[in-house]
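Participant: Take this structure, written in C-alpha cells, and hold onto it; I'll ask about it next.
Every number in this text was worked out from the coordinates using simple rules, so none of it is lab data. Keep in mind that this is a model prediction, so the values were computed, not measured. Here Cβ is always computed from backbone atoms with ideal geometry, including for glycine, and neighbour counts include all displayed protein chains.
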Amino acid sequence: MTMMTIVQAINSALKYEMEQDDRVLLLGEDIGKNGGVFRATDGLFEQFGEKRVVDTPIAESAIIGAAVGLAARGLRPVAEIQFLGFIYEAMDQMAAQASRLRFRSGGTQTAPMVVRAPYGGGIRTPELHSDSLEAIFLHSPGLKIIMPSSAYDAKGLLAAAMRDPDPVLFLEPMKLYRAFQEEVPEEDYTIEIGRANVLRQGEDLTIIVWGPPVHMVKATAEKWAAEHQTSIEVIDLRTVAPIDIETITASVEKTGRAIIVHEAVKTGGVGAEIAAILSEKALYSLSAPILRVAGFDTPYPTAQVELDWLPNEKRLNEAIKTVLEDT
Amino acid sequence: MWMDQSQLDFQKVTYIDEQGKALKEEMPVEEAELVSMYEWMVRARVFDQRAVKLQRQGRIGTYAPLQGQEAAQIGSAFAMRENDWVYPSYREIGVSMVRGVPMSQFLLYAMGHLKGLAQEQANVFPVQIIIGAQFLHAVGGAWASQYKGEESVSVAYIGDGGTSEGDFHEALNFAGVYKLPIIFFVQNNQWAISVPVSKQTASRTIAQKALAYGITGVRVDGNDAVAVYTVMKEAIAKAQAGEPVLIEAETFRQGPHTTADDPTKYRMADDEKTWTAKDPLVRLKTYLTEQRIWDEEKDRALYEQADAEVSEAFQAASSAPASELKDVFEHVYETKTAQLSEQQAQVEEASRQ
C-alpha cells in the first residue's frame with residue numbers, strides 16, 4: 001500500500017499496463033514531454049519513449065479515429081482528450097465508430113480502446129472545460145463509461161478498462177485529481193466494470209451518485225446520521241454504462257426512497273435513466289417520489305455561479321427533507 | 001513570397017487514351033495481368049448492373065452503384081499486396097471483390113441481413129457510411145503496421161465530396177506528421193450526390209491538397225486501369241518507405257449516387273454522354289483487342305461467365321436464413337450486459353407466445 005492521489009493512481013495504472021503489455025500506447029495532446037496538462041502521463045514519455053507516448057496534432061476526431069484503427073489492428077490504444085468538453089469534435093468517432101465497430105462488422109472487428117478525459121466543475125475553468133457529458137455517451141450502445149471518485153477505484157477500474165475487449169470512456173474528476181490521498185495497492189488489481197460500490201449502508205433512503213459529488217453526498221449522509229439518526233445508504237455508481245441495476249434496485253427495495261445526484265444537466269441525464277429503471281423494477285417499494293439533485297438545464301455556467309449551480313449540500317438537504325417527509 | 005495555385009500543375013498520368021491507344025512505348029503491365037484486370041472490371045460491371053436491377057425488383061435494399069469507376073477500383077486493388085489493408089466507403093465493391101470479399105456478401109448486406117455486416121474476408125474494413133470516417137481508421141491501421149514493423153500499407157478510399165470533411169484533412173495531417181505507410185485514394189467521380197466537384201472545392205485539383213500536409217500527391221486518369229495500376233504500385237512503394245500518398249483518380253459516376261437517387265434532377269444528359277464515351281471497360285477492351293490479346297468471342301464468354309457468377313451469388317444470398325431480432329444483441333459487447341440479456345430474453349419470450 002502507498003498513499004496516492006487520483007492522478008497518481010491513474011499514472012500508476014497506465015505505467016503498470018505499459019510495462020506488462022507492449023501493445024499499449026498512449027496518444028493525445030501534450031501527453032508526452034509535458035506529461036499531460038494534469039500530469040496524468042508524467043514520466044511515461046521518459047520511460048517508454050515517443051513511440052508509445054505520442055503527442056498528437058490538435059485534432060480530437062483524429063485522436064479517437066486513429067485509436068479505432070489502432071485497436072482494430074491489434075494494439076491497445078489509450079487516447080486522452082484534454083477536457084471532456086472538447087470531445088464534441090470527435091462525436092462521430094466516439095458514438096458512430098468506436099462504439100459500433102463490433103456491431104457494424106458483425107463481430108469481426110473490435111475496438112478495445114480507452115478514451116480518458118478530465119471533466120467536472122468547481123475549479124473555475126474557462127468555458128467547456130467542466131461539463132459532465134456522460135449521458136450523451138450512455139446513449140451509444142457498445143461503449144462502456146467509467147466515472148471513478150477515489151484513487152483506489154481509479155486505478156483498479158482503469159486497469160480493467162485497458163484489458164477490456166470493448167471501448168471504454170474513462171472520465172476523470174478534475175476537482176478530485178489531487179484533492180486527497182488514500183491507500184492504494186502498488187501491485188496490480190482490477191475492479192469489475194459495471195459494479196456499483198455501496199459506500200455506506202443505510203435503511204431510510206438511498207442516494208445514488210458518481211464522480212465528484214460522491215464525497216459531498218457521503219459527508220451529508222454522515223451528518224444526517226449524527227444529527228437526525230437518519231440512515232442513508234450511499235451508492236457510488238462508478239460505472240455509468242452499463243448501470244449496475246441489481247445493486248441500485250436491491251438498495252431501493254430496502255430503503256423505499258431514492259435520490260440521484262449528478263453534476264450533469266438534469267433533463268435527459270443519467271439520473272433520468274436510473275429513475276426509469278427504479279420505476280420499472282422497484283416502484284412498489286417506493287414510499288416517496290424519486291428526486292434528482294443535478295446541474296440545471298443550462299450550459300455549464302461561469303465561475304462566479306458554478307458552486308451554486310452544481311449539486312451541493314444545501315440542495316441535497318432539501319431533497320432529503322422532501323423524500324423523508326413524503327411518506 | 002506570395003504563391004497561388006496557378007503555380008501548381010498536376011499533370012494527369014495516362015497510359016491508354018480514350019481511343020484505347022497506348023501513349024507510351026512500354027506497357028508496364030504484363031498481358032496476363034491486363035486480361036485479368038479486364039475480367040475483374042467486367043465482373044464488377046455485371047454485378048453492379050444486376051444489383052441495380054435487383055433493387056428495382058425489390059429484392060435488395062438501397063445500393064450504391066460503381067459503374068464508370070471500374071478502372072479506378074480494379075486497377076488500384078490489383079496493385080495491392082496480400083498484407084495491404086483496404087478502408088472503403090460504401091462504393092468500393094470492385095476493390096473489395098478483388099481483395100476476396102465474395103459477391104454474395106454485398107448482396108447479404110444490401111438485403112439487410114445481420115450476417116451481411118460480418119465481412120471477415122481479406123483485410124477489408126467494414127463498409128463505411130459516414131463520409132470520411134474511414135480515413136482516420138486507415139491512419140490507425142497504418143500506424144499499427146508501423147508500430148509492429150509489418151510490411152503493410154493501408155489504403156483509404158473516398159470520393160471527391162469526402163475531401164471536404166474534417167476527417168479527410170485530419171487524416172492527411174496525421175499521416176504526414178507520423179510518416180505513415182498509407183495511401184489516400186480519391187475517386188473524383190465529379191459528383192457528390194447532386195453537388196459537382198466545382199462546388200465542393202476551389203482547389204484546381206484534389207491531388208494538390210497533399211502538399212499542404214507535407215505528403216505526396218498524384219493525379220491519374222481514373223478510367224485508365226493501366227495508369228491507375230501503375231501509379232498505385234509506385235504509391236505502395238513510397239508509402240511502405242514512409243511517404244504517404246494522396247492519389248486523385250479522375251473518373252465519372254455513370255449512375256445515380258444510390259438507387260434512391262435520380263441524377264436527371266441535377267445533371268445534363270450531355271455530360272453523361274461525354275463520360276460514357278470515356279468508359280473504362282471500352283477503353284481497355286479496345287486496347288486489348290487491338291493488341292490481339294482479346295476478341296469478341298472471349299468477351300461474350302466472359303460476360304456469360306460473370307452473369308453466372310452473379311446468379312450464383314444471388315442464389316446463395318437469397319437462400320440465407322432470415323436474420324432474427326434475437327440475434328441483434330450478439331455483437332454489441334463481447335459479453336452481453338445485464339440489460340442486453342434481459343432484452344434478449346424478452347424478445348425470445350415474446351416470439352414463443
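Participant: Pairs A:Lys266/A:Lys321; B:Lys115/B:Lys336; B:Lys21/B:Lys53: which exceed 23 Å Cα-Cα?
Facilitator: B:Lys21/B:Lys53
Participant: Per DSSP H run of n ≥ 4, the term is -39500 (n - 2.57); total these for chain B, divide by its residue number, and report the mean residue ellipticity at 222 nm rounded to 500 deg cm²/dmol.
Facilitator: Values: 13 runs with 160 residues, N = 353.
One gets -14000 deg cm²/dmol as the mean residue ellipticity at 222 nm.
Participant: Right, next: Please report B:Tyr90, B:Tyr15 as a ranked list, fewest other C-beta atoms within 10 angstrom at the top and most at the bottom.
Facilitator: By the 10 Å Cβ count, ascending, the order reads B:Tyr90, B:Tyr15.
Participant: Measure nothing but the geometry: give the 0 to 90° angle between the long axis through the Cα atoms of A:151-163 and the longest principal axis through the Cα atoms of chain A, rounded to 10°.
Facilitator: 50
Participant: Any lysines with Cα under 26 Å of the B:Lys179 Cα? List them, leaving off those in the same chain fewer than 8 positions away.
Facilitator: Partners within reach: A:Lys33, A:Lys51, B:Lys12, B:Lys148, B:Lys209, B:Lys233, B:Lys238.
Participant: Rounded, prolate or oblate: which one fits the stretch B:8-322, using the alpha carbon gyration tensor with axes a ≥ b ≥ c (rounded when a/c is under 1.5, else prolate when a/b beats b/c, else oblate)? Each step should come with its number before you reach the end.
Facilitator: Values: a/c = 1.34, a/b = 1.15, b/c = 1.16.
Here the stretch B:8-322 falls in the rounded category.
Participant: Return B:Asp17, B:Asp279, B:Asp9, A:Asp131 ranked ascending by Cβ neighbour count within 10 Å, so the fewest neighbours appear first.
Facilitator: Listed from fewest to most nearby Cβ atoms, that is B:Asp9, B:Asp17, B:Asp279, A:Asp131.
Participant: Just how far, in whole angstrom, is the stretch A:215-259 from the stretch B:242-274 if you go by their alpha carbon centroids?
Facilitator: 60
Participant: May I ask for the net charge around B:Tyr266, where only other residues with Cβ less than 13 Å from the Cβ of B:Tyr266 are counted and Lys, Arg are +1 while Asp, Glu are -1?
Facilitator: Within the 13 Å Cβ shell, the charges total 0.
Participant: Out of all DSSP beta bridges with both ends in the stretch B:8-322, state the antiparallel percent to the nearest 5.
Facilitator: The answer is about 10 percent antiparallel.
Participant: Using only helices, what value at 222 nm comes out for chain A when you add -39,500 (n - 2.57) per DSSP H run of length 4 or more and divide by the total residues, to the nearest 500 deg cm²/dmol?
Facilitator: Here the helix-only value at 222 nm equals -10500 deg cm²/dmol.
Participant: Can I ask one more? Looking at chain A, send over the antiparallel percent of its DSSP beta bridges, to the nearest 5.
Facilitator: Values: 8 of 42 bridges.
Antiparallel: roughly 20 percent of the beta bridges in chain A.
Participant: Net charge near B:Ser104, counting Lys/Arg +1 and Asp/Glu -1 over other residues with Cβ under 14 Å of its Cβ?
Facilitator: +1
Participant: If you don't mind, another one. Taking neighbour Cβ counts within 10 Å as the exposure measure, how do A:Lys144, A:Lys321, A:Lys218 sort from fewest upward? Don't skip to the end; give the middle numbers.
Facilitator: Working: A:Lys144 23, A:Lys321 12, A:Lys218 18.
Ordered by Cβ neighbours within 10 Å, fewest first: A:Lys321, A:Lys218, A:Lys144.
Participant: Shifting gears a bit: Using alpha-carbon pairs under 8 Å, 6+ residues apart, how would you state the relative contact order of chain B in percent?
Facilitator: Relative CO of chain B lands at 24 percent.
Participant: Compute the signed sum of charges (Lys and Arg +1, Asp and Glu -1) over the other residues within less than 10 Å, Cβ to Cβ, of A:Gly121. Intermediate values should be presented prior to the final figure.
Facilitator: Numbers: positive: A:Arg124, A:Lys175; negative: A:Asp131, A:Glu263, A:Glu306.
Local net charge: -1.
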